[in-house]
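Values in this text are rule-based calculations from the coordinates and carry no lab data. Keep in mind it's a predicted model, so treat the numbers as computed, not measured. Methodologically, a virtual Cβ is constructed for each residue, glycine included, from the backbone with ideal geometry; neighbour enumeration extends over all protein chains shown.
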Amino acid sequence: MSIFDKFFKNKEAEKSDISSILPQEIFEAGVLELKDIIAPSALKITPKEINLGEKILRSFFVISYPRFLTEGWFSPIINMDKVFDVSIFVHPIETSRVLRQFQRKVAEVQSQIHAREEKGLVRDPMLDVAYQDLENLRDQLQQAQEKLFDVGLYITIYGDSDTELDKVETEVKSILEAKLIYVKPALFQQEQGYKSTLPLGNDSLSVHSKLNSLPLSSLFPFTSFDLTSDKGILYGINRHNSSLVLFDRFSLENYNSIMFAKSGAGKSYATKLEILRTLMFDTEVIVMDPEREYEYMAEATGGRYFNISLNSEHHINPFDLPIPGPGESAANVLRSNIINLVGLFRLMMGGLTAEEDALIDRAITETYALKDITAESDFRTIEPPLMSDFELVLSGLEGGESLAQRLSKYTKGTWSGFINRPSNVDIDRKFVVFSLRDMEDELKPIAMYIVTHYIWNAIRKKLKKRLLVIDEAWWMMKSEDTASFLMSLVKRGRKYFLGVATITQDVGDFLKSPYGVPIITNSSIQILLKQSPTTIDELQRTFNLTDEEKYLLLESDIGEGIFFAGLKHVAIKNIASYTEDQIITSDPSQVLAIKKARREANENRNTVMETKKAEIMEAEINNQ
């Protein structure tokens, strides 16, 4: 009973003075009920539509179906990115009553056929088909192979204006009429139509079509997009229908992925979850870690962790040459490495003129020649030159003195310990992490270029299923040379069974680069997690998102977003088990708690070991 009902529940109360109402009754009358809270601010019913608060809605019913209904014909309506309600009412019909009606209908159709034959008229194909359909259905009903139902299909669409509502109505009608299914508006029955689509189970409209079991099954409504396959890893839960998003990136035309998310949206958590599950399927994973987030994960999975910094014990020599793979010549490998080194020096020196570029190219060739490395050399037995050898050659060339001076900080200065050493990094493990957190920001793009180039050379040595994860890829997009190299990895990786996972939070810098959009288009998997309002419009244009998808990304929780794979995309939520969460969590409070628990466990273990040693020594003394 609502507020007003409680005040005027009988005629005596209506006529009595307000002061005569008991205080208890006044208190009870002031209590809001649920229906008072959820009721719209206004309601206006017209013959064609209903104004419900600030929304306008229209209800429709299906009046005609084609002779045959294909499986999933209702799927385009279910998957429309619009706000609408659908109700399907199925009323069973007693078979014995249907058979009596069928007998009369068959006799009627048969008599029409005979009448046309007696008059000498050409046979009517429609009557022949109707007679065959009736006979077949009657046989199936008689043998209990089919049942007949009265089916009501009602749709209520919503909009903010008549124009928007007309557009949605046209879209719904065009989709259905293309399949020979016709709908009509519930004129002068909008109230009954709306009540029929409310989740109350009341068929107030009662507009039915007779369907047997087989075509009725094609009306199954739960046909929203899914990305469930019989192989691959679990990426998360489909938020449309709670199905599992199981997918194998190596089953697509390329194996690359890209992920955009604002800081704290769960991109590193989602990436580590994918890595952990990918490792179980005989896939090697290599990670570029700019924030030292993967160290514990590498330790827990038996991987290898390299901390790349100026004071690190791990070194990479950019002059290393890979062993030519199948179908590759030593000349091509040497030429490709020289081109990459020119790009590296362009990055290290802050840009080069055309003359300086040519001089650097010549100096690299002569540096290799100094070590007797030519296109005919066997790269397995050579000792590659160092950066100091290149500086020596460059200073001896005409016009190379100034370039050699600009290079000296990498060979003699504070940065010499970084790249002027022989390589001592071995990535022959299933899981390898290169951390760049302790590298100075000025050197991070250079370090990323050198490390990715080293990884690329290692990948070309042996064909294996591998995943290269580049976290915070916007560092590489800052320079044209590093962005170009990342683009070449994305394009060429498929030939070497390599998938490149690009992850970034700085959407603006990434898309401003001329290589940003090509990297996106060359990534078969695209993942968008929670976004910032400042970048969502640019993402909407790039990915052709609807307004509903745009607002979904703005309002998503941590670990929620949209998963694109090929032509399909679904709303996704990342789910991890307790054990997975303990390995991959990036939450500082959880990390500290885990470290504290491990420290206490180690202390307890040491205490137990010391106690056992004391007991053993005491036992030995007693025996003596």
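The aspartates and glutamates whose alpha-carbon is closer than 19 Å to the alpha-carbon of Lys464, local same-chain residues fewer than 8 away aside, are Asp248, Glu253, Glu274, Asp282, Glu284, Glu328, Asp426, Asp428.
Among the chymotrypsin sites (Phe, Trp or Tyr not before Pro) found in the stretch 32-74, those both in a DSSP coil and sparsely packed, with 15 or fewer other Cβ atoms within 10 Å of their Cβ, are Phe68.
Counting Lys and Arg as +1 and Asp and Glu as -1 over every other residue whose Cβ lies under 14 Å from the Cβ of Leu403, the net charge comes to -4. Of Lys210/Lys568; Lys267/Lys568; Lys272/Lys512; Lys231/Lys272; Lys371/Lys465; Lys444/Lys512, which sit over 24 Å apart, Cα to Cα? In this structure, Lys210/Lys568; Lys272/Lys512; Lys371/Lys465 lie more than 24 Å apart at Cα. The angle between the Cα long axis of helix 330-348 and the main principal axis of the chain comes to about 90°, on a 0 to 90 degree scale. Against the main long axis of the alpha-carbon atoms of the chain, helix 354-370 sits at an angle near 60°. Highest average first, the peptides 543-553, 426-436 ordered by how many other beta carbon atoms sit within 10 Å of their residues are 426-436, 543-553. Put the Cα centre of the stretch 244-299 next to the Cα centre of the stretch 464-508 and the gap is 13 Å.
Each peptide among 34-40, 396-402 gets the average number of other Cβ atoms lying within 10 Å of its residues, and from highest to lowest they stand as 396-402, 34-40.
Helical runs assigned H by DSSP (4 residues or longer) give the chain a calculated mean residue ellipticity at 222 nm of -13500 deg cm²/dmol, each run adding -39500 (n - 2.57) before division by the residue total.
The candidate values are (1) 1.15; (2) 1.10; (3) 1.43; the one derived from this structure for Cα Rg over 2.2 N^0.38 Å carries the label (3). For the stretch 317-422, averaging the sequence separation of C-alpha pairs within contact (under 8 Å, six or more residues apart) and dividing by the residue count gives a relative contact order of 30 percent.
Rounded to 0.05, the FRET efficiency of the Lys35 and Lys495 pair, given R0 = 51 Å and the Cβ-Cβ distance, is 0.20.
Of the chymotrypsin sites (Phe, Trp or Tyr not before Pro) found in the stretch 109-205, those in coil by DSSP whose Cβ has at most 13 other Cβ atoms within 10 Å are Phe188. Pairs exceeding a 19 Å alpha-carbon distance, out of Lys55/Lys550; Lys48/Lys184; Lys430/Lys461: Lys55/Lys550. Taking label positions 7 Å along the Cα-Cβ direction at both Leu392 and Glu548, the computed distance is 6.9 nm, reported to one decimal. Axis of helix 267-278 versus longest Cα principal axis of the chain: the two differ by about 90°, to the nearest ten degrees. Going from the fewest other Cβ atoms within 10 Å to the most, the residues Glu49, Glu538 appear in the order Glu538, Glu49. In the chain, the DSSP beta bridges split such that about 65 percent are antiparallel, to the nearest 5.
Give me the net charge of Leu529's neighbourhood, meaning all other residues with Cβ under 9 Å from the Cβ of Leu529; Lys, Arg count +1, Asp, Glu -1. Spelling it out: positives minus negatives among the neighbours equals +2.
Exposure proxy shown here: for Asp320, Asp162, Asp248, the number of other Cβ atoms within 10 Å sets the order, fewest to most, as Asp162, Asp248, Asp320. Applied to the stretch 455-461, the Karplus parametrisation 6.51 cos²θ - 1.76 cosθ + 1.60 on θ = phi - 60° returns per-residue 3J(HN,Hα) values of 4, 4, 5, 5, 5, 6, 5 Hz, with x for Gly and Pro. This ranking places Ile446, Ile575 by how few other beta-carbon atoms lie within 10 Å of each, fewest first, which gives Ile575, Ile446. Of the GluC sites (Glu not before Pro) found in the stretch 93-199, the ones in coil according to DSSP and having at most 10 other Cβ atoms within 10 Å of their Cβ are Glu94.
Full extension of the chain segment joining Thr95 with Gln540 gains 154.8 nm, where the gain is 0.36 nm per residue of separation less the Cα-Cα distance.
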